[in-house]
Amino acid sequence: MKSRLVASLGLALVLLFGISAHAQAADKVKAVASFSILGDMVRQVGGDRVDVTTLVGPDGDAHVYEPTPADAKNLAASAILFTNGLGFEGWMDRLEKSSGFTGKVVVASTGVKPRTMVEEEGAKEETITDPHAWQSLANGKLYVANIRDGLIAVDPAGKAVYEANAAKYLDEIAKEEEAVKAALAKLPEARKKIITSHDAFGYFGAAYELEIIAPEGVSTESEASAQDVAKIIRQIKAENIPAVFMENITDYRLLDQIASETGAKIGGELYTDALSPADGPAPTYLDMFRHNIETLTAALSA
Ligand SMILES: [Zn+2]
């Protein structure tokens, strides 16, 4: 009699907690991604099993982000953290430590061949790693594989789902890669040069044969000096560079000035380090490529 009572009490508790846990989606893997582009990729691979939040949201600039106490709380309650790495999130170490996060960290760019460049910082020269690896779809495939493996490590029961989602997504990325190459191959050689405000298209330019000139370097942290701007204006005139492009994460004024002083046209807005909000033109990683390619080819076609 007593054991039956305990058993049914136990069953009632299981039902009660089971229902409330379900209502809170506690059965999902709680994941944090550092910025919106990576957040979308984690969503594509994680599907229904994963609850993803991003620290730097749409149109946000991750180079200069300042984490909030709410970010630390959110991270502490998560099982897995996805970062870009390559020095993109300079604020992440401090956030991880202050939050007491004990979950798994996945550096999505693991395996990417990093681009480095020498930047002049006043009188001294510094070798800088370019963090914008996601702007090459070949690298995007490495990101997806790392995300898949990370999710399997924290949620082995979802292995088949993550593998299937990743395989489908990798296929879509491969198709977009072909489309990007085909679209850019049609442009006249002399017009394959663009200006953006910060140097976010290094991997893109290397992968798809486009020359990129940027007054601000690979981070938005430091502003272009008057000499940098003067040098670029001379270069645009000498090389007949056809168009300058705005970015969704940076100030328009510098490029407005460059365009008006050189006669280069303003080619539109490119998405570099962040997606658009859901109702904008680039709400996913692949939409970002579609939008950027449309914008580039419209401005650079002869
Ligand atoms: Zn950037």
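The values are calculated or read from the model by the stated rules, or taken from the named source; none is laboratory data. Computed from a predicted structure; not experimentally measured. Reconstructed Cβ throughout: ideal geometry from the backbone, glycine too, with neighbour counts over all protein chains shown.
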Under 6 Å between Cβ atoms, which residue pairs at least 6 apart in sequence (or on different chains) link something in the stretch 215-243 that is in contact (Cβ under 8 Å) with a residue 24 or more places away in the chain and on the phi > 0 side of the Ramachandran plot with a partner that is part of a loop (DSSP other than H, G, I, E, B) and surrounded by 17 or more Cβ atoms within 10 Å (Cβ to Cβ)? Gly217/Asp199
What are the residues in the stretch 154-187 that are touching a residue at least 60 places away in the same chain (Cβ under 8 Å), more than 16 Å from Tyr203 (Cβ to Cβ) and not hydroxyl-bearing (Ser, Thr, Tyr), if any? Val154, Asp155, Gly158, Val161, Asn165, Ala166, Glu172, Ala179, Ala183, Lys186, Leu187
Tally the residues that are within 16 Å of the ligand (Cβ to nearest atom) and either free of Cβ contacts under 8 Å to residues at least 24 places away in the same chain or aliphatic (A, V, I, L, M) (or both), restricting the search to the stretch 253-270. 3
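I'd like to check something: does the stretch 16-25 contain any residue that is at pLDDT below 95 and closer than 30 Å to Ala167 by Cβ? Break it down stepwise before answering.
Narrowing the stretch 16-25 to residues at pLDDT below 95: 16-25.
After this cut, where a residue has to be closer than 30 Å to Ala167 by Cβ as well, the list is 22, 25.
Scanning the stretch 16-25, I find at least one residue that is at pLDDT below 95 and closer than 30 Å to Ala167 by Cβ, so the answer is yes.
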Residues that are charged (D, E, K, R): list the strands (runs of 3 or more DSSP E) wholly contained in the stretch 59-136 that include at least 3 such residues. 115-121, 124-130
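Look at Ile258 and say whether it is of a type in the set (A, V, I, L, M), surrounded by 19 or more Cβ atoms within 10 Å (Cβ to Cβ) and part of a helix (DSSP H, G or I). Break it down into steps so the answer makes sense when it comes.
Working: of a type in the set (A, V, I, L, M): yes; surrounded by 19 or more Cβ atoms within 10 Å (Cβ to Cβ): yes; part of a helix (DSSP H, G or I): yes.
Yes; evaluated as a whole, the condition is true for this residue.
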What's the number of the condition Asp251 fails, among (1) crowded, with 18+ Cβ neighbours inside 10 Å; (2) farther than 19 Å from Lys141 by Cα; (3) of a type outside the set (Gly, Ala, Ser)? (1)
